[in-house]
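Student: Below are the structure tokens for one structure; questions will follow.
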Amino acid sequence: MNMRLGSHDSFSVPARGAPRFAQDGAGVIDVDELRRHVPVLRHKLAAGQPVYHAGQPFKSLFLVHAGFVKLVELSDDGRDQVTGFRGKGDFLGTDSIGLPAYACGAVSLESGEAWELPYPAMLQACRDMPELNARLAAALAREIRADHAWMLTIGTLNAEQRVAAFLVAEGRRCATLGFSARHFMLRMRRADMASFLALTNETVCRVLAKLHDMRLIAVARREVEVLDEGALRSMAGQLA
């Protein structure tokens, strides 16, 4: 669901005709058509810059136009807990529709751009563009399914299986957009990956090294090449 952009694109090979937006059950939203219906506020983002904060009044949805973003919530012990990742073509803020404030924060992981879409204008655009209404509904449904799947992953799988499932999912993000599912960059830090998987940073590093030694993957810093996709999927279990 997330396109690989920026300086790391040399490791992701696009297929011809790769869509600008992630494909889901509702198809692709044309960016020019969207801008004709919704006043777009473009925000350039630096690495580490918040798109919005948890608790900030909900006024807009955001569309990731370039870059990669993590979603964070404050845990009971006061630490940031990563709850998801979003990339080009993904909406931000859909989990807060109907709430007075954003349920979680969104932080850019690299230089990028997010388009702010005022929610009242989006509602009107959904009336004018049935395909946009369908895409938003599909985005909400996808979030619910993904959250459920990852809750099961974290609750039932061991550390090796969680990391394997994460790598399979990252490959699927690329493949959905016509990029290689076997050779990609991890856009997040190991600490963010660990937070999302409810593991320690040391455990994630240890498991990646083990998968490398088992020749399931080749890993160099953030670059990952899947060498044995079948074995990696088998380790990840049915949730992958």
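Student: Helix-only mean residue ellipticity at 222 nm, the chain, DSSP H runs n ≥ 4 weighted -39,500 (n - 2.57), per residue, nearest 500. What is it?
Tutor: -12000 deg cm²/dmol
Student: In debye, nearest 20, what is the charge dipole magnitude of the chain about its Cα centre with +1 on Lys and Arg Cβ and -1 on Asp and Glu Cβ, if you could check? Before the final figure, lay out each step's value.
Tutor: Numbers: 29 positive and 27 negative charges, 78 e Å.
With Lys and Arg at +1 and Asp and Glu at -1, about 380 debye.
Student: Further question on the same structure: Using Cβ contacts closer than 10 Å as the measure, can you line up Glu116, Glu143 from fewest to most? Present the calculation step by step, with values, prior to reporting the outcome.
Tutor: On the way: Glu116 20, Glu143 16.
The most exposed by this proxy come first: Glu143, Glu116.
Student: Let me ask something additional. Hey, if you put +1 on the Cβ of every Lys and Arg and -1 on every Asp and Glu Cβ in the chain, which of Thr156, Leu34, Ile97 ends up farthest toward the positive end of that dipole?
Tutor: Leu34
Student: Now for a separate question. In a shell of Cβ-Cβ distance under 14 Å around Ser60, excluding Ser60 itself, what net charge do Lys and Arg (+1) and Asp and Glu (-1) give?
Tutor: 0
Student: In whole angstrom, and with the biggest value first, how far do the Cα coordinates of region 155-236 range along each principal axis?
Tutor: Result, largest extent first: 32, 25, 23 Å.
Student: List the relative contact order of the chain as a percent without decimals, with contacts defined as Cα pairs under 8 Å and 6+ residues apart.
Tutor: So the answer I get is 25 percent.
Student: Of the options Ser180, Leu71, Val204, report the single residue whose Cα projects farthest towards the positive end of the charge dipole of the chain (beta-carbon charges: Lys, Arg +1; Asp, Glu -1).
Tutor: Ser180
Student: Something else now. Sorting Arg86, Arg127, Arg142 on the 10 Å Cβ count, fewest up front, what's the list? Write down the numbers at each step before the final one.
Tutor: On the way: Arg86 25, Arg127 10, Arg142 17.
Fewest to most other Cβ atoms nearby, the residues stand as Arg127, Arg142, Arg86.
Student: Number of Lys-Lys pairs in the chain under 19 Å by Cα, sequence gap 8 or more or different chains?
Tutor: Close lysine pairs under the 19 Å cut-off: 4.
Student: Would you look at the GNM of the chain, springs on alpha carbons closer than 10 Å, and say which of Gly67, Gly78, Gly105 moves the most?
Tutor: Largest GNM mean-square fluctuation: Gly78.
Student: Now a separate question. Which far-off residues, 5 or more places away or on another chain, put their amide H under 5 Å from the one on Leu45, with H placed in the peptide plane?
Tutor: So Leu45 has HN proximity to Gly112, Glu113, Ala114.
Student: Once phi is turned into θ = phi - 60°, what whole-Hz ³J(HN,Hα) does the Karplus curve with 6.51, -1.76 and 1.60 give for every residue of region 202-215, x standing for Gly and Pro?
Tutor: 5, 5, 4, 4, 5, 5, 4, 5, 5, 4, 5, 5, 7, 6
Student: How large is the direction-averaged shadow of the alpha-carbon convex hull of region 61-168, in nm²?
Tutor: 8.1
All of the numbers you see were taken from the coordinates with simple rules; none came from a lab. Because the structure is predicted, anything quoted here is derived from the model rather than measured. So basically every Cβ, Gly included, is an ideal-geometry build from the backbone, and we count neighbours across all protein chains shown.
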